[in-house]
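The values are calculated or read from the model by the stated rules, or taken from the named source; none is laboratory data. What you are looking at is a predicted structure, and each value in this text was computed from that prediction instead of being measured. Heads up, the Cβs are rebuilt from the backbone with ideal geometry, glycines too, and the neighbour counts pull from every protein chain shown.
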Amino acid sequence: MILSPLPTEALPAGFRLDGNPMAPNLVLLAHGAGAGMDHPFMTKFAALLGSDEIAVIRFEFPYMIRARDEGKRRPPDKLPRLIECYQQWIKAFAGSGRRLFLAGKSMGGRVATVCGADHDVEGVIALGYPFHPVGKTEPDKWRWEPIQACQVPLLILQGQRDSFGSETELAGQPLPSGTTLEWITDGDHSLVPRKRSGLSEQDNLKRAADLARGFIKGCAS
């Protein structure tokens with residue numbers, strides 16, 4: 001199948017594209033609550049994931065666009081507004097012939113997972129899924145519903161020390177059959193390890209990108 005170029009002229013201004021724009025696989029990558037698409041985590045991960053076979057588009061939610069324009073921090077939009085924005089990006093690539101994957105960092109991963117319940121996409125990749133608010137691990141605080149409702153394969157890449165859901169906190173917690181949870185060695189919420197681990201941030205980001213690439217390839221088989 002011969003793919004047409006990505007419809008970048010019809011997209012909102014300010015997105016970022018990594019990898020081959022003619023790639024058969026397209027990943028939409030959403031940012032976390034406190035930092036936009038140009039945060040070093042987003043930039044580094046997208047560069048590592050993008051390839052001849054994978055195009056990565058980073059975009060921003062409306063509140064982050066306003067924050068950038070105004071030069072000051074703003075709180076995230078409510079979840080329905082975030083979902084609406086993500087859905088608009090999904091629709092922009094409907095019929096492009098590409099295998100579409102949804103991805104996001106923290107809050108963006110939660111929104112991507114929610115959208116995975118309602119859209120014809122190949123899979124979802126959540127980087128540092130916010131299983132619960134920091135320090136609030138009571139049963140009613142856990143955000144299981146998006147994971148349980150996701151209708152497509154879901155890959156969660158989680159730092160072992162993530163304050164939004166660590167390996168210790170998740171020990172023994174059952175996950176749906178379509179969900180794969182991969183632990184990133186000694187990583188925090190941004191997958192950054194401690195020096196004593198013998199690993200660097202780049203090591204962990206590369207492993208996360210390799211796992212995401214394998215997940216994308218596996219969804220094709």
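Can you name the residue in the stretch 171-207 that is touching a Gly at 6+ places or on another chain (Cβ under 8 Å) and without any contact (Cβ under 8 Å) to a residue 60 or more places away in the chain and, of all such residues, is surrounded by the fewest Cβ atoms within 10 Å (Cβ to Cβ)?
Residues of the stretch 171-207 that are touching a Gly at 6+ places or on another chain (Cβ under 8 Å), as a first pass: 183-184, 186-193, 204.
This time we only want the ones that are without any contact (Cβ under 8 Å) to a residue 60 or more places away in the chain, so: 183-184, 186-188, 192-193, 204.
Numbers: W183: 16, I184: 26, D186: 19, G187: 28, D188: 19, V192: 18, P193: 20, N204: 22.
Once the filter is applied, the top-ranked residue is W183.
For the stretch 25-54, residues that are assigned to a strand (DSSP E or B) and either of a type in the set (S, T, N, Q) or under 14 Å from the mean Cα position of the chain (by Cα) (or both) total 6. Just so you know, in the stretch 104-157 the residues that are of a type in the set (D, E, K, R) and within 16 Å of Q87 (Cβ to Cβ) include one that is surrounded by the most Cβ atoms within 10 Å (Cβ to Cβ), and it is R110.
Farther than 19 Å from A112 by Cα and part of a helix (DSSP H, G or I): does that describe R196?
Details: farther than 19 Å from A112 by Cα: yes; part of a helix (DSSP H, G or I): yes.
The answer is yes for R196.
Looking across the stretch 72-131, the residues that are of a type in the set (S, T, N, Q) and either modelled with pLDDT under 95 or not in a loop (DSSP other than H, G, I, E, B) (or both) come down to Q87, Q88, S96, T113.
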